[in-house]
Amino acid sequence: MPEGHTVHRIANSFNELFAGKKLTVDSPQGRFTASAKLISNRKLTKAWAIGKQMFLDFDNDQTLRIHLGIYGKWRFVKLKNEELPEVQGQVRARFFTNKDMADLRGPTICELIEPEELAKIENRLGPDPLNPDDGSQFKRFQRNISGSKAAIGLLLMNQDVVAGIGNVYRAEILYRARINPHVPGNLLTPKQIRELWKDSVQLLALGVIHGVMLTRDGFLDEDPGKPERHHVYKRNGEPCRKCKTNIVLEVMAGRKLYSCPKCQK
Ligand SMILES: [Zn+2]
């Protein structure tokens, strides 16, 4: 499943290719046909994201909500002579101008939502470290963490607590902060919570720029498939780069979690 930086990159692509332009929207697969008619030939005002959810605002006050889930995928194609490429697989929604096309396949959610529902979703989702923050987003993060007795390893994965962090960033951010994933949120110090937020903002922003999850300083040139980019993620059984203790793997709420037992006591 993509982490938040991927979704923000897609929203950025949408803005670059389509914002301010009239889009044709249809549903080759047929499952989105009725809704597609409501936004087709309307101008895309902007694309934006909270965590793993993307929103497309159209100039007739319609908002399209998209969540890729595990199987969802985008395909962007530059058109030659305005010719649309053949449909590949089950395309739920196709968006195009005479120059560019984006095909959406297999999303968990692709639906038009009313302003009230959008407001509810915005209220429910936690703050996204990638969105502009006047300080209120950090305060929400602080409240959500310090007000919970759940383990910080669980809280960082909970999209209602903080939106956009997934399994890789969770493990890496906790390692970088030297925090044991089992510590309850309400036992973290204000300084630790501030550092977690600051580091999330920094790492996710790097992810948007480079398109890969970089969590070690100075590793921009590594092959994206190699675990050398990470401190602990998928490094179970290998020595911690700092203290040489073997990185351990455990399962927390059904998801694999990696940490250094010594550095993250
Ligand atoms: Zn260590």
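A few notes on this one:
- Subset tally (residues that are open to solvent by 30 Å² or more (accessible area, probe 1.4 Å) and either more than 18 Å from Asp103 (Cα to Cα) or among the hydroxyl-bearing types (Ser, Thr, Tyr) (or both)) for the stretch 53-68: 4
- Qualifying residue in the stretch 117-133 (condition: free of Cβ contacts under 8 Å to residues at least 40 places away in the same chain and under 22 Å from Lys37 (Cβ atoms)): yes
- Check on Glu250, acidic (Asp, Glu), free of Cβ contacts under 8 Å to residues at least 60 places away in the same chain and over 26 Å from Val7 (Cα atoms): yes
- Failed item, numbered, when Asn15 is tested on (1) within 30 Å of Asn158 (Cβ to Cβ); (2) in contact with a Leu (Cβ under 8 Å, 6 or more places away or on another chain); (3) open to solvent by 30 Å² or more (accessible area, probe 1.4 Å): (2)
- Residue tally, condition in contact with a Phe, Trp or Tyr (Cβ under 7 Å, 6 or more places away or on another chain) and either among the aliphatic types (A, V, I, L, M) or surrounded by fewer than 14 Cβ atoms within 10 Å (Cβ to Cβ) (or both), over the stretch 230-247: 2
- Asn186 being open to solvent by 60 Å² or more (accessible area, probe 1.4 Å) and within 16 Å of the ligand (Cβ to nearest atom): no
- Cβ pairs under 7 Å, 6+ apart, first in the stretch 44-62 and closer than 11 Å to His8 by Cβ, second among the acidic types (Asp, Glu): Ile50/Glu122; Ile50/Asp128; Gly51/Asp128
- Candidates Pro224, Pro181 - the one that is modelled with pLDDT under 95 and either part of a loop (DSSP other than H, G, I, E, B) or surrounded by fewer than 21 Cβ atoms within 10 Å (Cβ to Cβ) (or both): Pro224
- When Phe55 is tested against the conditions (1) under 22 Å from Leu204 (Cα atoms); (2) assigned to a loop (DSSP other than H, G, I, E, B), the lone failure is (2).
- Of all residues in the stretch 248-265 being hydrophobic (A, V, I, L, M, F, W, C) and near the ligand (Cβ under 9 Å from one of its atoms), the one that is surrounded by the fewest Cβ atoms within 10 Å (Cβ to Cβ): Cys263
Residues checked against (1) aliphatic (A, V, I, L, M); (2) in contact with a helix residue (DSSP H, G or I) (Cβ under 9 Å, 6 or more places away or on another chain):
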| residue | (1), (2) |
| --- | --- |
| Ile173 | yes, yes |
| Ile179 | yes, yes |
| Val183 | yes, yes |
| Gly207 | no, yes |
| Gly211 | no, yes |
| Gly254 | no, no |
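The values are calculated or read from the model by the stated rules, or taken from the named source; none is laboratory data. All figures in this text were calculated on a predicted structure; none of them were measured in a lab. FYI the Cβ positions are ideal-geometry reconstructions off the backbone, even for glycines, and counts take in every protein chain you see. The area values use the complete protein model at the heavy-atom level, side chains included, leaving out ligands, DNA and RNA. Shrake-Rupley method; radii C 1.70, N 1.55, O 1.52, S 1.80 Å.
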